[in-house]
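Take a look at the structure set out below.
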Amino acid sequence: MNQKIYFGELKATKGEIHIIRDRCKGCGFCVEYCPKDVLALSDEFNIKGYHPPFVENEDNCVYCQLCENICPEFAIFVTKKEEEDVEKG
Amino acid sequence: MNDEARQKNPIEHLLRMDRIPHIWCPGCGIGTVVTSFAEALRKSNIELDKIAVVSGIGCTGRVAGYIKLDSFHTTHGRAIPFATGLKLANPELKVVVFSGDGDIFGIGGNHFIHAARRNMDLTVICVNNFNYAMTGGQVAATTPTDANASTAPYGNFEQPFSIPYLADAAGASYVARWTALHLRRVTKSIQEGMDKNGFSLIEVITPCVTLYARRNRLGDGLNLLKYYYDKSEIKHGADTRDLDISYQGKLIVGKFIDRERPNFIDAMNQHMSTVLGDDYELYGRINND
Amino acid sequence: MKKVKADPKGVLTGAHYLDGDFALAEGALAAGCRFFGGYPITPSTETAERFSERIPRVGGIFIQMEDELGSIASLIGAVWGGKKAMTVTSGPGFSLMMENIGLACMMETPLVIANVQRGGPSTGLPTLTGQQDMMQAKFGSHGDYEIIALSPDSPQECFDLTIEAFNLSETYRVPTFIMTDECVGHMHEKVVIPPADEIELVERKWYTGPKEAYLPYKPDKDLVPFMIKAGDGYRFHTTGLTHDERGYPVINAECQKVNVTNIIEKIRKNADKIIKIEEDQIDGAEVVLISYGITSRVAVRAVRLAREAGIKVGTMRLITVWPFPEKRIKELAPKIKAFIIPEVNYGQMVREVERSAAGKTQVFGVPHCGGWVHNPEDILNVIKEAVK
Ligand SMILES: Cc1ncc(C[n+]2csc(CCOP(=O)(O)OP(=O)(O)O)c2C)c(N)n1
Ligand code: SF4
Ligand code: SF4
Ligand code: SF4
Ligand SMILES: [Mg+2]
């Protein structure tokens, strides 16, 4: 029912990553399991003295939400990125 | 990006954010299982106000204190009988027991088998980290033979329980086992368990990085999360007699049992109305019209 | 405190010939108890049997749990699910319940536990009487707390005091005990059950304010917090850990002080309202005999014989055993020659009398090791010695 017909180039869903740095305990789960190597642990310390992740290349993010689902601290989550006029035609 | 102010983690409304950060160690898997549970709550059609969480005592026992639902942090081993009373008193509740292996299968083992036998309509999520973590990594009823623990410094020579086998034998309606890294499968099993009209058990093999991993030289949380996952093999419907866990051996995971059997209240209603006839008023019938 | 009339469904109005154990069950049903979780143990089993027969017909739940650890835990859960709940046991089962009695105190959970006492220690005398768990009722769980305990001396009082126990337990949100014994439990007598509209019940202290403002452990003026039940949308938390008004654990001495003081003071400060004693011929008495439960009935004969011998004996029967009526004892102590306390144990409540009398008069216990009640002569002899 809810079909959308794309005439232009079909774009994969992209994610926008949100990291609550001071909530992170630096376990590295998200970095390790991100299938697209979007994340890396930073050298900086957060308020609790852990190394939180940072977004290395957001363009690669495919909004799989794995980082969000694996984080034991509820410190990272992803929102769907506004897609730029996909319906060109 | 990184704008904490604008957006909130979509599970925050299910958590007591005024108590976060939680007490669990960096790299502990319990938080991940909580995230999977919160996902199940988000996806579930069950009204959140009608879901209650009951925990016993232990690292995992602290879960009740972080979930923003009606939540009860009880005593060591007694989460299941507490939940039994809660459910029977207010049958419209969906009652989830979330606790550790020591709590549910050590000190509380007797309650577990009886709740399963009665097919009490409860969903039990058991974080199995193979030890009594809260008290410092002592040997548990689930510690694999040969693994080391603070009260088994020469290694464990006892045979552990196979949780799914026990649950099956005792009569549970739904039995699944996953590792904490099986995020979406854990979520799905919890959902299925909650939708089940009877006793369900979801065992989640979870890293205890600080104690079990360290004592057994299994690396950090990340290593252990991966290790359990790599050792796992999915076998839905596997014979529950074949699910023993050996130290560093294979971990058979999957959904093993999913069957229909009248739960405690249904069995009571059916039996009593047959025997007592009009003298008996059906108990806990929720009027949905 | 909101009072309501009993639901006629549970009230077996009329005159009956019941034993104390059955009367406990009938009292509970009249009081609106609709959850029973228990485990069989002599000499209390008849109460469970009565519940199993009666409660399904009045819309309640009977469940025979796997042990007493489970029974008491199921009760606390049931109360948070909105029901009034009761269990019944005897010594060994009472011991098993102790940890969760502390949980009930900490969670401020109203519930009723009857202990039909038998001789101990250990398995002791399953079928024979005792009053040896009186101190355990007060101090058996670890940590500091207060409870309420009543002691009936007849099947009629088993009925009446069970209603009273529910009312007190709801008023103060505290576990309340009925400390009866094998003799009273198995004694058959006439029990008159009044019509439902003559039975006054205390309704649970339900919270009615705005949801967002609810704090599960914020004491009201009488120090008792308002209660809610699971499923009503409060998404509250409660724990056995030391906690703040939100019910959140706080592990420090300051919070401990507030939390523990509150669960203690709500009983101590209301002790005058809670305590019920029955006195006879106290004015001008030389000695006062204090007793409770079955021993009060045995003492009647000793007192009559003593009075016939010209000794002025006053009597005090403890209907409430905990909190202990220390004020009254203190008041009487300087006016009399002695207190005499027969009890079917080696000296339990007598310690409370000694403590309250604080050396202002003599205190004589009349110990009994259990298995049977006192010989009235033994009590009489102590009375005679006290006035010498
Ligand atoms: C009656 C009682 N005995 C012992 C303890 C101490 N104790 C607290 S937690 C715990 C073990 C918890 O193990 P588990 O349930 O596996 O939880 P984990 O900490 O591993 O998540 C023990 C023995 C207690 N609190 N109560
Ligand atoms: S959503 Fe998926 S791809 Fe994007 S950062 Fe998270 S894990 Fe990586
Ligand atoms: S998973 Fe969470 S806690 Fe761990 S590093 Fe990533 S953001 Fe930090
Ligand atoms: S001790 Fe083990 S189980 Fe407990 S919080 Fe730490 S890692 Fe987790
Ligand atoms: Mg454990």
Residues C:Ala306, C:Ala285, C:Ala302, C:Ala230: which one is closer than 26 Å to C:Leu103 by Cβ and modelled with pLDDT of 95 or more? C:Ala230
Determine if the stretch B:139-157 includes at least one residue that is within 18 Å of B:Thr60 (Cα to Cα), free of Cβ contacts under 8 Å to residues at least 40 places away in the same chain, surrounded by fewer than 24 Cβ atoms within 10 Å (Cβ to Cβ) and within 14 Å of ligand 1 (Cβ to nearest atom). yes
Might you check whether a residue that is farther than 14 Å from C:Gly32 by Cα, more than 7 Å from chain B (Cβ to nearest Cβ) and open to solvent by less than 10 Å² (accessible area, probe 1.4 Å) occurs anywhere in the stretch C:47-66? yes
Sort through B:Lys68, B:Lys43, B:Lys8 and tell me the only one that's more than 7 Å from every other protein chain (Cβ to nearest Cβ), basic (Lys, Arg) and under 27 Å from B:Asn129 (Cα atoms). B:Lys43
What is the number of the single condition among (1) surrounded by fewer than 13 Cβ atoms within 10 Å (Cβ to Cβ); (2) more than 21 Å from B:Asp195 (Cα to Cα) that B:Arg285 does not meet? (2)
Residue check for B:Arg214: assigned to a helix (DSSP H, G or I) and either away from ligand 2 (no atom under 16 Å from the Cβ) or within 25 Å of B:Asp266 (Cβ to Cβ) (or both): yes
For residues that are surrounded by 24 or more Cβ atoms within 10 Å (Cβ to Cβ) and part of a loop (DSSP other than H, G, I, E, B), tally how many sit in the stretch B:122-138. 5
Filter pass, B:Asp278 being more than 16 Å from ligand 3 (Cβ to nearest atom) and crowded, with 17+ Cβ neighbours inside 10 Å: no
Within the stretch C:319-388, which helices (runs of 4 or more DSSP H) (wholly inside it) include 2 or more residues that are more than 28 Å from C:Ala114 (Cα to Cα)? C:326-332, C:376-387
Can you tell me which residues in the stretch C:68-82 are open to solvent by 10 Å² or more (accessible area, probe 1.4 Å) and over 19 Å from C:Phe177 (Cβ atoms)? C:Gly82
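The values are calculated or read from the model by the stated rules, or taken from the named source; none is laboratory data. Computed from a predicted structure; not experimentally measured. Neighbour counts are summed over all protein chains in view; Cβ atoms, including those assigned to glycine, are modelled from backbone coordinates with ideal geometry. Surface accessibility is based on the protein's heavy atoms, side chains included, excluding ligands, DNA and RNA. Shrake-Rupley method; radii C 1.70, N 1.55, O 1.52, S 1.80 Å.
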